[in-house]
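Student: The structure is given below, and queries will be raised subsequently.
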Amino acid sequence: MNPFPFFSAWRRDDTSATKLYGSIVAQARLPVFYQGVGVPDTLQGRFVVLSLQLFAVLHRLRAEGPAADNLTQDLVDRFGADMETVLREIGIGDLSIPKKVRALAASSGRLLQAYEEALAEGETAIAAVVADTLPVQGGASGAVAGRLAHYLRNTLSLLRTQDFAALRAGEVRFPRAIPGAELGDDLT
């Protein structure tokens, strides 16, 4: 018998936002992004892929208006908590964590806003934003960014068809293909 049952509920962490975020992270971790598409398998490369997945889901939720506000905020909060965990895992000291998290949140916000602005301009603009954030040198960044921009466009199209009730329940489907690489059936 647990004398503090409210702690158990918090630790269980089975909210819709947690499920959505888990799907976002699982998608961002697929080897095809790093082995097939050419994104460097580094902290920065993984962050770029994660931010694209997060942006796509947040963009879809924004289309629902105020009905999605709580879920959107919970998802952003979950992302922030995950970034704090990552900083701790890479050895950032406890006293530096709040400052680093604020800086990371600000840069993430700017990146998501840049994706939003580029989306209005088209796939080429999205590719330019992605290329600026990718840790790839030379012409390779353009090719990788182009594939990721095309993937993002396909992701946004697929998410538009997904029912909000499913998203609210923590369920999301991502595309199974990226130009030049197949994702296969390992998605849930």
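Student: Every residue in the stretch 23-56 that is outside any helix (DSSP H, G or I), closer than 14 Å to residue 135 by Cα and within 15 Å of the chain's Cα centre (by Cα), please.
Tutor: Quick first cut of the stretch 23-56, residues outside any helix (DSSP H, G or I) only: 29-31, 37-42.
Next, only the ones that are closer than 14 Å to residue 135 by Cα stay: 37-42.
39, the sole residue that qualifies.
Let's see how each residue does on (1) touching a helix residue (DSSP H, G or I) at 6+ places or on another chain (Cβ under 6 Å); (2) modelled with pLDDT under 95; (3) within 29 Å of residue 168 (Cα to Cα):
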| site | (1), (2), (3) |
| --- | --- |
| 5 | no, yes, yes |
| 33 | yes, yes, yes |
| 40 | no, yes, no |
| 44 | no, yes, no |
| 50 | yes, yes, yes |
| 55 | yes, no, yes |
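Student: Is it the case, given these coordinates, that residue 118 is modelled with pLDDT of 75 or more, surrounded by 12 or more Cβ atoms within 10 Å (Cβ to Cβ) and among the hydrophobic types (A, V, I, L, M, F, W, C)?
Tutor: Values: modelled with pLDDT of 75 or more: yes; surrounded by 12 or more Cβ atoms within 10 Å (Cβ to Cβ): yes; among the hydrophobic types (A, V, I, L, M, F, W, C): yes.
It is true that residue 118 is modelled with pLDDT of 75 or more, surrounded by 12 or more Cβ atoms within 10 Å (Cβ to Cβ) and among the hydrophobic types (A, V, I, L, M, F, W, C).
Student: Next question, about the same structure. Just one of (1) loosely packed, with under 12 Cβ neighbours inside 10 Å; (2) touching a residue at least 40 places away in the same chain (Cβ under 8 Å); (3) among the polar types (S, T, N, Q) trips up residue 157, so point out which.
Tutor: Failing condition for residue 157: (2).
Student: On the basis of being at pLDDT below 90 and out of contact with any helix residue (DSSP H, G or I) (no Cβ under 8 Å at 6 or more places or on another chain), does residue 77 make the cut? Spell out how you get there, then give the answer.
Tutor: Numbers: at pLDDT below 90: yes; out of contact with any helix residue (DSSP H, G or I) (no Cβ under 8 Å at 6 or more places or on another chain): no.
No.
Student: Follow-up question, since we're still on this one. Can we say residue 123 is among the charged types (D, E, K, R), surrounded by fewer than 13 Cβ atoms within 10 Å (Cβ to Cβ) and more than 16 Å from the chain's Cα centre (by Cα)? Let's see the steps before the verdict.
Tutor: Details: among the charged types (D, E, K, R): yes; surrounded by fewer than 13 Cβ atoms within 10 Å (Cβ to Cβ): no; more than 16 Å from the chain's Cα centre (by Cα): yes.
No, not satisfied.
Student: Kindly provide the set of residues from the stretch 113-146 that are in contact (Cβ under 8 Å) with a residue 60 or more places away in the chain and closer than 12 Å to residue 48 by Cβ, ordered by number. So that I can check it myself, show each step before the final result.
Tutor: First, pick out the residues of the stretch 113-146 that are in contact (Cβ under 8 Å) with a residue 60 or more places away in the chain: 115-116, 119, 130, 133-136, 140, 143-144.
Scanning the stretch 113-146 gives 115, 130, 133, 134, 135, 136, 144.
Student: How many residues does the stretch 21-33 contain that are touching a Lys or Arg at 6+ places or on another chain (Cβ under 8 Å) and either over 14 Å from residue 151 (Cβ atoms) or open to solvent by 20 Å² or more (accessible area, probe 1.4 Å) (or both)? Talk me through it step by step, then tell me what you get.
Tutor: As a first pass, look at the stretch 21-33 and keep what is touching a Lys or Arg at 6+ places or on another chain (Cβ under 8 Å): 21, 28-29.
Checking which are either over 14 Å from residue 151 (Cβ atoms) or open to solvent by 20 Å² or more (accessible area, probe 1.4 Å) (or both) leaves us with 21, 29.
Qualifying residue count, the stretch 21-33: 2.
The values are calculated or read from the model by the stated rules, or taken from the named source; none is laboratory data. Remember, it's a predicted structure, so these values are computed and weren't measured experimentally. Using ideal geometry, Cβ is built from the backbone for each residue, glycine included, and neighbour counts are taken over all protein chains shown. Protein only, heavy atoms only, side chains kept; ligands, DNA and RNA dropped before computing areas. Shrake-Rupley method; radii C 1.70, N 1.55, O 1.52, S 1.80 Å.
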